[in-house]
Amino acid sequence: MSLDFKAIEKGQPGVAGGGEKKFYAQIVNGKEASIDELVEDIEKFSALSEADIRGVIIALENEIQKKLAQGRIVRLEKIGSLYPSISSNGEESAEKVTSASIKKVGVNYRPGKRIIKSIRDAGFNKI
């Protein structure tokens, strides 16, 4: 199993007209893996039923939402970590920074070492 990639041309960021353009490798994503597919695959090597697996996934999602809303880092051991992030408008003083300054909220993911290793070890195939 290997990861497909293609060459794409990119200009220099911040340079009018793109400046000097170079080619970079970019992953070509395949089709998505759905919860149904994950549940089916987990069920094959687990003693848990489909309903049990779905219940655990839904409960995990609910708990992750709660913890992130509390500003906490969620460490899923070998899977990696999720943590809340924000970006805001720049203000002229610390006193002027309020919740209205926040323009975007998100969640960052930092994969575990085994996940990174599995991607690195998969190999690459230029298409």
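The values are calculated or read from the model by the stated rules, or taken from the named source; none is laboratory data. As the structure is a prediction and not an experimental result, all values here were calculated from the model. As a convention, Cβ positions derive from the backbone with ideal geometry for all residues, glycine included, and neighbour counts pool all protein chains shown.
Out of the residues in the stretch 66-109 that are in a helix (DSSP H, G or I) and surrounded by 12 or more Cβ atoms within 10 Å (Cβ to Cβ), which is nearest to the chain's Cα centre (by Cα)?
Leu68
Being within 23 Å of Lys113 (Cβ to Cβ), modelled with pLDDT of 95 or more and of a type in the set (Val, Ile, Thr) narrows it down to one of Ile53, Ile64, Ile27, Ile58, so name that one.
Ile64 is the lone residue from the list that is within 23 Å of Lys113 (Cβ to Cβ), modelled with pLDDT of 95 or more and of a type in the set (Val, Ile, Thr).
Take the stretch 23-43 and flag every residue that is farther than 15 Å from Asn125 by Cα and surrounded by 11 or more Cβ atoms within 10 Å (Cβ to Cβ).
Residues satisfying the conditions are Ile35, Glu37, Leu38, Val39, Glu40, Asp41, Ile42, Glu43.
Scan the stretch 67-90 residue by residue and report those that are hydroxyl-bearing (Ser, Thr, Tyr) and within 23 Å of Ile116 (Cβ to Cβ).
Ser81, Tyr83, Ser85
Looking at (1) of a type in the set (A, V, I, L, M, F, W, C); (2) within 24 Å of Asn108 (Cα to Cα); (3) not in a helix (DSSP H, G or I), which one does Phe23 not meet, given that it meets all the others?
(2)
For a quick check of your reading of the model, give me the residue pairs whose first member lies in the stretch 62-76 and is more than 15 Å from Asn108 (Cβ to Cβ), whose second is of a type in the set (Val, Ile, Thr), with beta-carbon atoms closer than 9 Å and at least 6 apart or on different chains.
These pairs meet every condition: Glu63/Val74.
Out of all the residues in the stretch 1-12, is one or more in contact with a helix residue (DSSP H, G or I) (Cβ under 8 Å, 6 or more places away or on another chain) and surrounded by fewer than 11 Cβ atoms within 10 Å (Cβ to Cβ)?
yes
Which pairs turn up if I take residues in the stretch 8-25 that are in contact (Cβ under 8 Å) with a residue 12 or more places away in the chain and look for partners that are of a type in the set (Ser, Thr, Tyr) and not in a loop (DSSP other than H, G, I, E, B) with beta carbon separation below 9 Å, at least 6 apart in sequence or on another chain?
These pairs meet every condition: Ile8/Tyr24; Glu9/Tyr24; Lys10/Tyr24.
Which of the residues spanning the stretch 110-123 are assigned to a strand (DSSP E or B) and either modelled with pLDDT under 95 or among the basic types (Lys, Arg) (or both)?
Arg110
Criterion first (among the β-branched types (Val, Ile, Thr) and over 30 Å from Asp4 (Cα atoms)) does Ile115 satisfy it?
Spelling it out, it is not the case that Ile115 is among the β-branched types (Val, Ile, Thr) and over 30 Å from Asp4 (Cα atoms).
With (1) assigned to a loop (DSSP other than H, G, I, E, B); (2) surrounded by 11 or more Cβ atoms within 10 Å (Cβ to Cβ); (3) touching a residue at least 12 places away in the same chain (Cβ under 8 Å) as the list, and Ser46 as the residue in question, which single condition is left unmet?
With respect to (1) assigned to a loop (DSSP other than H, G, I, E, B); (2) surrounded by 11 or more Cβ atoms within 10 Å (Cβ to Cβ); (3) touching a residue at least 12 places away in the same chain (Cβ under 8 Å), Ser46 is out only on (3).
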